[in-house]
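Q: First, the structure itself, so that you have it in front of you.
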Amino acid sequence: MANGSGYRVRSGEGAVNANHFYNPVDLTKNSYFIRPVIAWAQPVLSEYRKEGIFVMNEQTRHEPAAPLRVGIAGLGTVGAALVSMLAGNGSSLHRRHGRHIEVSGVSARSRSRDRGIDITPYAWHDDPVALASSADVDLFVELMGGEDGPALAAVRAALGAGKPVVTANKALLAKHGVELARLAEKTGAHIGFEAAVAGGIPVIKTLREGLGLASVTRVYGIMNGTCNYILTRMGEEDISFQDCLKDAQTLGYAEADPTFDVEGFDTAHKLALLSSLCFQTRIAADEIFVEGITAITQADMKVAADLGFRIKLLGIASRSEQGVEQRVHPTLVPASTAVARVDNVLNAVILETDHIQELMLSGPGAGGMATAASVLADILDIARGHNVPALGMPVDELAEYRRAPMRAHKGGYYIRLNVRDVPGALAAITARLGQSGISLESVIQRPDLKVETDLPGAQDTRTLVLITQDTLESAVREALARVADDGYTLGAPQVIRIETFA
């Protein structure tokens with residue numbers, strides 16, 4: 001309000017408002033020279049006040065953003081969960097993010113299948129490419145799966161039209177990620193793939209945006225819930241791999257054909273994406289050493305537990321002066337470490353950096369709701385206009401992938417052999433290891449470690465477990481090849497690397 005002099009002062013927050021003026025001090029009292037100045041300034045202040053109120057009103061008179069129309073291809077567990085989320089939380093999403101997000105069309109293999117959701121309000125497309133190209137779709141969500149075929153064609157169509165894409169398809173990105181990222185750059189589109197790695201864990205956003213100047217030196221973790229469930233059960237119960245796998249299939253944790261999971265390929269695709277983001281290199285899924293968990297036995301579990309270890313299927317990538325090393329394999333990890341305590345279908349990704357040392361992200365790595373939540377997070381980023389390069393930087397700035405040799409691993413190796421029960425066998429085996437420069441930490445022979453096998457002559461063998469000190473992968477393979485040539489062993493050896501993570 002005005003004081004006796006007519007002088008007006010704006011309120012402290014800088015917002016110009018007709019009702020927010022005050023005069024804490026009478027500037028004209030005992031000040032004979034101020035009155036003429038105020039008289040001169042009054043018209044200017046009045047005009048300034050009017051202009052400020054006009055600007056404020058213009059700022060509040062903005063048009064609401066147009067709805068973001070989403071097309072979803074693939075209505076399996078994740079797709080159905082996403083449709084349910086968007087249908088049931090539309091008003092909440094609008095209040096929190098300032099924009100309506102609506103499903104405008106869907107596509108799947110079967111229109112009549114019962115998915116537990118109502119898809120009749122949405123335009124149906126038999127062809128996902130037609131959905132991706134539709135004028136009624138602003139953002140395309142690919143949840144069909146597959147590294148080629150309709151998934152690739154639909155994503156190319158959407159990006160080619162300048163439409164952002166969100167996908168959970170790690171196989172597609174592992175094979176075509178560089179090409180698709182380049183296409184997105186060309187058309188100004190965005191690719192979100194948080195759900196492609198570790199389900200509900202926000203590891204992609206962390207790597208693309210959350211680390212600042214920190215440089216990742218190693219990334220590793222548990223990235224497949226099926227394998228983690230099986231290994232957890234085997235370690236806690238006296239149950240075989242095959243029996244655990246059957247239970248996982250019954251519970252829906254494993255596919256009818258589990259090869260992609262249990263042989264390590266799913267983890268390898270995820271690791272390839274993480275490696276690219278961590279080390280600013282082109283995706284190199286074909287350069288990963290991959291080994292699954294099908295050969296893990298109860299004997300392995302018992303020895304690991306006795307030695308203070310647990311067995312986990314890990315994806316590990318590290319950078320050195322020689323290049324980038326990527327590997328997926330069962331690993332003995334100390335039971336006291338954080339990664340050893342990630343059980344059942346949970347996933348965990350650990351980042352080792354120069355600035356923040358070690359960062360662990362853990363949570364549900366699969367499941368409809370968790371994965372759909374990551375898909376929705378990408379959609380919300382796009383709705384807010386957030387756009388970053390798909391692989392963290394422009395494709396032309398990514399380094400060519402250079403494969404580093406498998407290095408010595410602190411803690412050495414666990415080696416299990418089916419050894420013929422004949423005199424001199426143990427001495428001959430240890431001698432061969434010594435010739436390759438391998439020192440042994442311990443030699444374990446126990447009657448309860450007998451591994452059943454259907455190989456001829458298996459009844460006349462005993463199970464021998466060797467724990468080596470630090471050594472090279474090449475030295476281990478060389479020594480075991482010589483042992484096999486000597487004829488003292490039966491069947492393939494079991495070799496498990498030992499990692500002593502902090």
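Q: Give me the three principal axis extents of region 325-382 from the C-alpha atoms, as integers in angstrom, largest value leading.
A: Answer, in whole Å and largest first: 39, 31, 22 Å.
Q: Determine, from the Cβ-Cβ distance of ALA484 and ARG446 and an R0 of 30 Å, the FRET efficiency 1/(1 + (r/R0)^6), rounded to the nearest 0.05. Intermediate results must be reported in sequence, preceding the final value.
A: Details: r = 23 Å, r/R0 = 0.77.
It comes out at approximately 0.85.
Q: Sticking with this one: Could you tell me the ratio Rg/Rh of region 68-192? Both radii from Cα atoms, Rh via Kirkwood. Show your work: numbers first, answer last.
A: Numbers: Rg = 13.9 Å, Rh = 14.6 Å.
Rounded to two decimals, Rg over Rh is 0.96.
Q: Which semi-axis lengths, in whole Å and largest first, follow from the square roots of five times the eigenvalues of the Cα gyration tensor of region 223-327? Please report the intermediate quantities before stating the final value.
A: Details: eigenvalues 156, 58, 18 Å².
Ellipsoid semi-axes (Å, largest first): 28, 17, 9.
Q: Now, a different point. I need to check one value: relative contact order of region 413-498, counting alpha carbon pairs closer than 8 Å and at least 6 residues apart, in percent. Spell out each step's value before the answer.
A: Numbers: 135 pairs, mean separation 45.0, N = 86.
Reported relative contact order: 52 percent.
Q: Still on this structure, I have one more. Can you give the extra length, in nm with one decimal, that the chain gains between GLU102 and ASP126 once fully stretched, where that is 0.36 nm per residue apart less the Cα-Cα distance?
A: Values: separation 24, 0.36 × 24 = 8.64 nm, distance 1.98 nm.
Difference between extended and current length: 6.7 nm.
Q: Report the Cα centroid-to-centroid distance between region 87-151 and region 363-380 in angstrom, as an integer.
A: Cα centroid of region 87-151 versus Cα centroid of region 363-380: 15 Å apart.
Q: Right, something else. What whole-number volume per residue, in cubic angstrom, does the convex hull of the C-alpha atoms of region 146-270 give? Mind dumping the intermediate values first?
A: Working: hull volume 16.5 nm³, N = 125.
Dividing the Cα hull volume of region 146-270 by its residue count gives 132 Å³.
Q: If you bin the C-alpha pair distances of region 270-380 every 5 Å from 0, what whole percents do you get?
A: Final binned percentages: 2, 9, 16, 20, 20, 17, 10, 4, 1, 0.
Q: Mind ordering 223-233, 411-421 by average Cβ neighbours within 10 Å, highest first?
A: Details: 223-233: 25.1, 411-421: 20.5.
The packing order, highest mean first, is 223-233, 411-421.
Q: Which chymotrypsin sites (Phe, Trp or Tyr not before Pro) from region 98-169 combine a DSSP loop assignment with at most 15 other Cβ atoms within 10 Å? It would help to have the intermediate numbers written out before the result.
A: Working: sites: TYR122, TRP124, PHE140; in loops: TYR122.
Hits after loop and neighbour filter: nothing returned.
Q: Moving on. Leaving out same-chain residues fewer than 8 places away, which aspartates and glutamates sit with a Cα under 13 Å from that of LYS205?
A: Filter leaves GLU194, ASP378, ASP381.
Q: What is the order of PHE309, PHE289, fewest Cβ neighbours within 10 Å to most?
A: Working: PHE309 27, PHE289 15.
Ascending Cβ contact count within 10 Å gives the list PHE289, PHE309.
Q: Also, I was wondering about something else. Here are some pairs, LYS175/LYS312; LYS302/LYS450; LYS270/LYS302; LYS163/LYS186; which of them have Cα atoms lying more than 20 Å apart in this structure? Mind dumping the intermediate values first?
A: Details: LYS175/LYS312 26 Å; LYS302/LYS450 11 Å; LYS270/LYS302 30 Å; LYS163/LYS186 12 Å.
Listed pairs above 20 Å: LYS175/LYS312; LYS270/LYS302.
Q: Considering all alpha-carbon pairs of region 413-498, what whole percent are spaced by more than 20 angstrom? Please report the intermediate quantities before stating the final value.
A: Values: 966 of 3655 pairs.
Of the Cα pairs, 26 percent sit more than 20 Å apart.
Q: Moving on. Order these peptides, 358-364, 337-343, 128-134, by their mean beta-carbon neighbour count within 10 angstrom, highest first.
A: On the way: 358-364: 15.9, 337-343: 17.9, 128-134: 22.6.
Final packing ranking: 128-134, 337-343, 358-364.
Q: Ranking request for peptides 369-376, 294-301, 249-256, 205-212: highest mean number of other beta-carbon atoms within 10 Å first, then the rest in descending order. List each step's numbers first, then the result.
A: Working: 369-376: 23.1, 294-301: 19.9, 249-256: 13.4, 205-212: 15.5.
My ranking of the peptides, most packed first, is 369-376, 294-301, 205-212, 249-256.
Throughout, read-outs are computed from the coordinates displayed, never taken from laboratory work. Remember, predicted model here, so these are calculated numbers, not experimental data. In this analysis, Cβ positions are derived from the backbone assuming ideal geometry, glycine residues included, and neighbour counts consider all displayed protein chains.
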